[in-house]
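Single-structure report; data block below.
The values are calculated or read from the model by the stated rules, or taken from the named source; none is laboratory data. What you see is a predicted model, and the numbers here were worked out from it, not measured in a lab. Here the Cβ positions follow ideal geometry from the backbone for every residue, glycine too, while neighbour counts run over all protein chains shown.
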Amino acid sequence: MSAPRWVDVARAANLLGADGTPRATVFAEMSALAAATGSVNLGQGFPDVDGPESVARVAADSIRAGVNQYPPGPGIPELRHAIAAHQARRYGLSLDPDSQVLVTAGATEAMAATVLALAGPGDEVLTLEPFYDAYAAVIALAGATHTTAPLRATPDGFRLDEDALAAAFTSRTRLVVINTPHNPTGAVLTRDELGLVARLAQQHDALVVTDEVYEHLTLPGPDGVRATHVPIATLPGMAQRTLTISSAGKTFSFTGWKIGWVSGPAELLDAVRTVKQFLTYVNGAPFQPAVAFALQDEGVAAWVDELAASLARRRDLLSDGLRAAGFAVARPQGTYFVVADAAPLGYDDGVALCRDLPRLCGVVGVPVSAFTRPGSPTDEALRSWVRFTFVKRDDVLAEAVGRLARLGA
Ligand SMILES: *Cc1c(COP(=O)(O)O)cnc(C)c1O
C-alpha cells in the first residue's frame with residue numbers, strides 16, 4: 001500500500017518529523033518564538049497597517065447590503081471585468097472576462113487549482129529555487145515531480161542562472177512556475193531572463209504559470225528608477241501558453257481577504273475552473289466588489305504607489321541596519337522581503353541563527369532554507385541566508401534595527 005498523499009506533501013514541504021509525524025512550518029515556529037520571547041517579528045510577511053479605508057468601506061457596505069451568499073462560481077462579473085481591464089490598461093493584455101478570468105481564494109488556490117489541473121504523475125513541474133513554500137506542497141499533492149532552477153546571489157541581486165535553467169528542462173517538463181517580483185529574494189526578473197524562460201518553454205512545449213502577487217510592489221534601484229514588472233504573458237507567443245496569477249492581498253494590504261485570480265487561454269482556464277470548483281467552489285462574496293472597486297479607483301492606485309514608495313524607504317532602513325549588524329544584504333527590487341547572508345557574522349546555518357536571534361538580540365526572521373529543497377545545491381548555497389520582512393511600521397523597523405546592532409557589538 002502506498003503512503004497517503006499528506007505524507008508526500010509533508011515531505012515535499014520538509015515538514016515530516018523523524019518520527020513520521022508532521023511538524024509545524026518554520027514560519028509557525030518562528031512566530032511562536034517571537035511571541036514567547038517578546039521579539040520583533042520580521043518573519044511572516046503581512047502588513048501591520050491595513051489597506052485603504054475606501055476599499056474596506058465597500059466590503060463593509062456589501063455585507064450590510066446583503067452580499068452574503070455564494071457568489072457566481074467564476075467570480076462576480078464586476079470583478080472579472082475589473083481584472084481584465086487592469087491587465088489591458090497596465091500591460092496591453094487582452095482577456096475575455098467571461099472565459100479567460102477566474103476569481104479564486106487567493107493566489108494560493110489559483111496555484112493549487114492550476115497545478116492540480118495541469119500536472120500529474122510522470123510530469124515535471126519546474127520552479128525557480130528558492131521558491132514560495134506552497135509550490136512544493138501542491139506539486140506533491142498533484143503527484144508530479146518537482147524540479148528546480150536556481151536563482152543565484154550576484155552583485156546585481158539574485159539572478160537567473162541561464163545554463164542551469166536550460167539544463168533543468170526535460171522532455172517531461174509540463175509546467176514552469178515562475179514568480180516575479182520574487183519571494184523570498186526580491187528579484188524582479190528582467191525582460192531578458194523572461195525571454196529565456198519563454199524560449200525554453202516554447203522549445204519544450206511547456207506551459208508557464210506566473211505568480212505576480214507583488215506586481216505593483218516594485219522598488220527603485222540605486223539609480224532611483226523603479227524596477228519594471230514584465231508579465232511573461234506579454235512576450236511574443238506566450239499569451240497562449242501562460243496562466244497569470246495575482247491577488248488583492250499584497251497589492252492592497254488586505255492579506256486576510258484571500259481574493260486572487262488567474263487568467264489565460266480559455267481552454268486552460270476551463271481546466272483550472274473544473275478543479276477550483278471542488279476546492280473552495282467560491283469565497284469572499286462581500287470582498288469581491290471591494291476588490292473590483294480597488295482595481296479601478298484612481299485614489300486607490302495612488303495609495304498603492306505610495307505604499308511602494310514607503311516600502312522602498314523601509315527596505316533601505318532595514319537593509320542599512322542589517323548591513324551595520326554585519327550581514328551581507330542582497331538589494332531587493334520588489335516584494336516585502338530582504339534576504340541577508342549571516343556568513344560574514346560567522347554563522348553558517350540560517351536555521352540555527354534564526355533559533356538564536358531572539359536570545360541574541362530580540363528579532364525574528366526565517367531561514368531561506370524554508371524556501372529550498374533539502375540537500376539541493378541551492379539549499380547548500382543559501383544555507384547561511386535569512387529572510388526578513390520590511391512591511392512593518394517605521395517604529396517597529398527602527399526598534400528591530402536598534403536590536404540588530406547588538407549582534408555586531
Ligand atoms: C503571499 C504570497 C502568495 C499568497 O497569496 P494569497 O493571495 O494570500 O493566497 C502567493 N505567492 C507568493 C509569492 C506570495 O508571497
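May I ask you to list the residues in the range 170-199 that are farther than 21 Å from Ala107 by Cα and either out of contact with any helix residue (DSSP H, G or I) (no Cβ under 9 Å at 6 or more places or on another chain) or not hydroxyl-bearing (Ser, Thr, Tyr) (or both)? Break it down stepwise before answering.
At the first step, the residues of the range 170-199 found to be farther than 21 Å from Ala107 by Cα are 170-173, 190-193, 195-199.
Of everything in the range 170-199, those that are farther than 21 Å from Ala107 by Cα and either out of contact with any helix residue (DSSP H, G or I) (no Cβ under 9 Å at 6 or more places or on another chain) or not hydroxyl-bearing (Ser, Thr, Tyr) (or both) turn out to be Thr170, Ser171, Arg172, Thr190, Arg191, Asp192, Glu193, Gly195, Leu196, Val197, Ala198, Arg199.
For first residues located in the range 312-327 and of a type in the set (Ser, Thr, Tyr), partners that are crowded, with 22+ Cβ neighbours inside 10 Å and lie 6+ apart or on another chain with Cβ distances below 6 Å form the pairs Ser319/Val338.
Gln202 satisfies every condition listed in (1) within 11 Å of the ligand (Cβ to nearest atom); (2) outside any loop (DSSP other than H, G, I, E, B) except (1). If you go through the range 205-232 and keep only what is assigned to a strand (DSSP E or B) and either in contact (Cβ under 8 Å) with a residue 40 or more places away in the chain or assigned by the TED database to the domain that holds Arg313 (or both), you end up with Leu207, Val209, Asp211, Thr218, Pro220, Arg226.
Is it true that some residue in the range 234-249 is within 16 Å of Val188 (Cβ to Cβ) and over 17 Å from the mean Cα position of the chain (by Cα)? Yes, some residue in the range 234-249 is within 16 Å of Val188 (Cβ to Cβ) and over 17 Å from the mean Cα position of the chain (by Cα). Among the residues of the range 233-250 satisfying the criterion of being of a type in the set (Val, Ile, Thr) and in a strand (DSSP E or B), which is nearest to the ligand (Cβ to nearest atom)? Residue satisfying both the conditions and the ranking: Ile245.
Suppose we keep only residues that are closer than 15 Å to Leu382 by Cα and touching a Phe, Trp or Tyr at 6+ places or on another chain (Cβ under 7 Å) within the range 149-179. Which one would you say is nearest to the ligand (Cβ to nearest atom)? Across the range 149-179, the extreme among qualifying residues is Leu151.
Within the range 119-148, if we keep just the residues that are within 16 Å of the ligand (Cβ to nearest atom) and among the small types (Gly, Ala, Ser), the residue that is surrounded by the fewest Cβ atoms within 10 Å (Cβ to Cβ) turns out to be Ala134. In the range 372-384, which residues are surrounded by 15 or more Cβ atoms within 10 Å (Cβ to Cβ), under 12 Å from Val351 (Cβ atoms) and not basic (Lys, Arg)? Of everything in the range 372-384, those that are surrounded by 15 or more Cβ atoms within 10 Å (Cβ to Cβ), under 12 Å from Val351 (Cβ atoms) and not basic (Lys, Arg) turn out to be Thr372, Asp379, Leu382, Ser384.
Tallying residues that are closer than 18 Å to Gln203 by Cβ and of a type in the set (Asp, Glu) within the range 126-185 yields 3.
Hey, which of the helices (runs of 4 or more DSSP H) in the range 1-106, taking only ones fully inside, have at least 2 residues that are buried (at least 18 other Cβ atoms within 10 Å of the Cβ) and at pLDDT below 95? Working first, answer last.
Numbers: elements: 5-12, 26-37, 53-64, 77-91.
It comes to 5-12, 26-37.
Only a single criterion out of (1) out of contact with any strand residue (DSSP E or B) (no Cβ under 9 Å at 6 or more places or on another chain); (2) more than 16 Å from the ligand (Cβ to nearest atom); (3) in contact (Cβ under 8 Å) with a residue 40 or more places away in the chain is not satisfied by Ser253, namely (2). Checking each residue of the range 298-308 against the condition of being buried (at least 24 other Cβ atoms within 10 Å of the Cβ) and within 16 Å of the ligand (Cβ to nearest atom) gives no match. Could you tell me whether any residue of the range 369-382 is more than 13 Å from Phe131 (Cα to Cα), at pLDDT 95 or above and assigned to a loop (DSSP other than H, G, I, E, B)? No: zero hits.
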